[in-house]
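*Asks:* I'd like to ask you about the structure that follows.
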Amino acid sequence: MAKTIKKPAVKKEAAKKTAVVKKEAEPIVAQPPRGMKDILPTDQPYWDQVRRVTEKLSREYGFSRIDTPLAEFSNLFNRSIGEGTDIIEKELYSFVTKGGDKIALRPEMTAGIARAFIQHGMSVLSKPVKLFSTGPVYRYDRPQEGRYREFYQVNYDAFGEQDPILDAQMIQVAARVVQNLGIKAIQIQVNSIGCPVCRKEYKDLLVSYLESKANKLCIDCKRRLDANPLRVLDCKEDKCSQVAASAPQSVDHLCEECRVHFKSLLEYLDELDLPYTINPRLVRGLDYYTKTVFEIWSGSEEGRKSALGGGGRYDNLVKLLGGEATPAIGFGLGVERLIIEMKRVQAKPYKAPKPKVFLAQLGELAKKKSLRLFSELEKNGILVAESFGRGSLNSQLRVANRLGVEMTLILGQKEALDKTVIIKNMTTGEQETVSMDKLVDLVKKKLKTDNVVTYHENHN
Ligand code: AMP
């Protein structure tokens, strides 16, 4: 008896030991999870350009910035995006927290923004309420070129206006963003998938057509027939494309209200001189869309592997999530895809201002003083480079030369005692000694005469 009691205790102890040993031995994988990546300093000029262009246009078109959490309760996405969609069925990163909450990482931004719109009573604001957001989104997809598991989107949404003039303006903003990034040749695809009333009739028609061709569809599309038949239309499989090519089109089955809405949108786009293509197979993957859907593609054949961005109207989403009925429209652009295309067309990344001044120091006292002097110059909006760790003046001047600065400020032992600084003109080699009190003004004056802009917008 005693033996049988003892045995498991020994086993437990041994198991504990192995668990501890195993934990310690687990190697650190020196890379992020599959489909996720670092954005290195060398690539940041492209990201800076995207940030600058998207934020500038958001201000110019009256959008206010909003940031919502990366994680939300899972059912927000299940309800809004739709249970039968690929994003929810296959791609949602969801987990249960230690406290038992069912949480998911956002696979897109609109659901969280609509949730925030309701929660913060934004429906009382003057309409349309235009919101801009940007950040990472997560989809457990099969990674490949231009398709990642963590990727960034810029997102523009507008709540409270059903007039198609807003649809046209949103498409215009999307096109402006892409073109202002230097991707001049673009293709705008539009379609209308109607409202729940006319879509139901259209769906029935589509399903009976697709059922008659079911043996020609891929396995996924056979499943989609029940869950999300519209999605069969944009399946990339050749055999499904062939079936889709002769399928009934939603634009031919719109109710009067949706038909007029779509017609007016096209007239506004004509008015804006925005060339568009009506793509009857453009349905977008998410359940919440109504009426207008659109996508922005590269205008060139080589760049047209995948969409740069897309969006549409979601007039029923706010109500579905428990808010007042509020028509709305939005779109998201994929930042990585924009950058891939920018590089392909050799669009210019952002060029950060370079320092025109180098601060060199020689000797212990000068070294101490130079730290304060650097910050004095920085506070005055003068961009300065330094190499404080280097002792020899020559090696510091070599760095200054490599950076191509216009002047080097030299602070040696004598200067530090005299409260002076030497200004060396790096083009002519001329040197002058100036008093420390006058240095900032003098440097500013010299930079101005050379037509150099100082980098701080707000000095403090
Ligand atoms: P969607 O709403 O799915 O059309 O996504 C909007 C945009 O986000 C797309 O047009 C792409 O530019 C980008 N995007 C979507 N999925 C991915 C992904 N897995 N990796 C990178 N970018 C993506």
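The values are calculated or read from the model by the stated rules, or taken from the named source; none is laboratory data. All of these numbers come straight from a predicted model, not from anything done at the bench. Please note: Cβ atoms are built from the backbone with ideal geometry, for glycine as well, and neighbour counts cover all protein chains shown. For the accessible areas, the whole protein counts, side chains as well, though only heavy atoms, and no ligand, DNA or RNA atoms are used. Shrake-Rupley method; radii C 1.70, N 1.55, O 1.52, S 1.80 Å.
*Asks:* Which cross-chain or sequence-distant (5 or more) residues have an amide H under 5 Å from the amide H of LYS291, H modelled 1.01 Å from N in plane?
*Replies:* Sorted by chain and number, the residues that satisfy this are ILE193, GLY194, CYS195.
*Asks:* Placing unit charges on C-beta atoms (Lys and Arg positive, Asp and Glu negative, everything else neutral), compute the dipole magnitude of segment 235-330 about its Cα centre in debye, rounded to 20. Don't skip to the answer; put the middle values down first.
*Replies:* On the way: 11 positive and 15 negative charges, 71 e Å.
With only Lys, Arg, Asp and Glu charged at Cβ, the dipole is about 340 debye.
*Asks:* Let me ask you something else. State to the nearest 20 debye the size of the charge dipole of segment 86-188 about its Cα centre, where the only charges are +1 on K and R beta carbons and -1 on D and E beta carbons.
*Replies:* Computed about the Cα centre, the dipole is about 260 debye.
*Asks:* Before anything else, pin down the relative contact order of segment 357-449: Cα pairs under 8 Å, at least 6 apart, normalised by residue count, whole percent.
*Replies:* This gives 29 percent for segment 357-449.
*Asks:* Going by the alpha-carbon gyration tensor, a ≥ b ≥ c the square roots of its eigenvalues, is segment 357-449 rounded (a/c under 1.5) or, if a/c is not under 1.5, prolate (a/b greater than b/c) versus oblate?
*Replies:* Cα axes put segment 357-449 in the rounded bin.
*Asks:* As a test of the formula, what do you get for the chain when each DSSP H run with n ≥ 4 contributes -39,500 (n - 2.57) and the sum is divided by the residue count, at 222 nm and rounded to the nearest 500 deg cm²/dmol?
*Replies:* Helix-only estimate at 222 nm: -12500 deg cm²/dmol.
*Asks:* As an exercise, identify the trypsin sites (Lys or Arg not before Pro) in segment 286-370 lying in DSSP coil whose Cβ has no more than 11 other Cβ atoms within 10 Å.
*Replies:* Here the trypsin sites (Lys or Arg not before Pro) that fit, given the DSSP loop and packing criteria, are LYS351.
*Asks:* Among SER58, HIS120, ILE87, which residue has its Cα furthest toward the positive end of the charge dipole of segment 39-146, with +1 on Lys/Arg Cβ and -1 on Asp/Glu Cβ?
*Replies:* My answer, from the dipole projection, is HIS120.
*Asks:* Which one, GLY160, GLN31, VAL345, is farthest towards the positive end of the dipole of the chain when Lys and Arg carry +1 and Asp and Glu -1 on their Cβ?
*Replies:* Of the candidates, GLN31 comes out farthest on the positive side.
*Asks:* Assuming 0.36 nm per residue, please report the length gained on full extension of the stretch ALA30 to VAL345 beyond their Cα-Cα distance. Please report the intermediate quantities before stating the final value.
*Replies:* Working: separation 315, 0.36 × 315 = 113.40 nm, distance 3.29 nm.
Between ALA30 and VAL345, full extension yields an extra 110.1 nm.
*Asks:* Go through segment 102-181 and name the chymotrypsin sites (Phe, Trp or Tyr not before Pro) that are in a DSSP coil and have 16 or fewer other Cβ atoms within 10 Å of their Cβ.
*Replies:* For chymotrypsin sites (Phe, Trp or Tyr not before Pro) across segment 102-181 that sit outside H, G, I, E and B with at most 16 neighbouring Cβ atoms in 10 Å, the list reads TYR140.
*Asks:* Straight-line reach only, C-alpha to C-alpha below 15 angstrom: list the aspartates and glutamates that LYS444 could link to, leaving out same-chain residues fewer than 8 apart.
*Replies:* GLU376, GLU378, GLU406, GLU457
*Asks:* Once you have the Cα-Cα distance between ARG390 and GLU324, take 0.36 nm times their residue separation minus that, and quote the gain in nm to one decimal.
*Replies:* Answer, rounded to one decimal: 17.3 nm.
*Asks:* Same structure again: Once you sort the root eigenvalues of the Cα gyration tensor of the chain as a ≥ b ≥ c, which label holds: rounded (a/c under 1.5), prolate (a/b larger than b/c) or oblate (the other case)?
*Replies:* oblate
*Asks:* Considering only protein heavy atoms, what per residue accessible area in square angstrom results for segment 357-449 with a 1.4 angstrom probe?
*Replies:* In whole numbers, segment 357-449 has 55 Å² accessible per residue.
*Asks:* I've got another one for you. Assigning unit charges at the beta carbon (Lys, Arg +1; Asp, Glu -1) and nothing else, what dipole magnitude in debye, to the nearest 20, does the chain show about its Cα centre?
*Replies:* Numbers: 73 positive and 59 negative charges, 487 e Å.
Using Cβ point charges on Lys, Arg, Asp and Glu, the chain gives about 2340 debye.
*Asks:* List the trypsin sites (Lys or Arg not before Pro) in segment 198-282 that DSSP assigns to loop (not H, G, I, E or B) and whose Cβ has at most 13 other Cβ atoms within 10 Å. Which are they?
*Replies:* Loop-located and lightly packed - LYS236.
*Asks:* Can you give me the relative contact order of the chain as a percent, contacts being Cα pairs under 8 Å and 6 or more apart? Can you show the working numbers first?
*Replies:* Numbers: 749 pairs, mean separation 67.3, N = 460.
Rounded, it is 15 percent for the chain.
*Asks:* Quick one: work out the % antiparallel among DSSP beta bridges in the chain, nearest 5.
*Replies:* 80
*Asks:* Any of LYS98/LYS319; LYS200/LYS239; LYS414/LYS438 with alpha carbons more than 22 Å apart? Name them for me.
*Replies:* LYS98/LYS319; LYS200/LYS239
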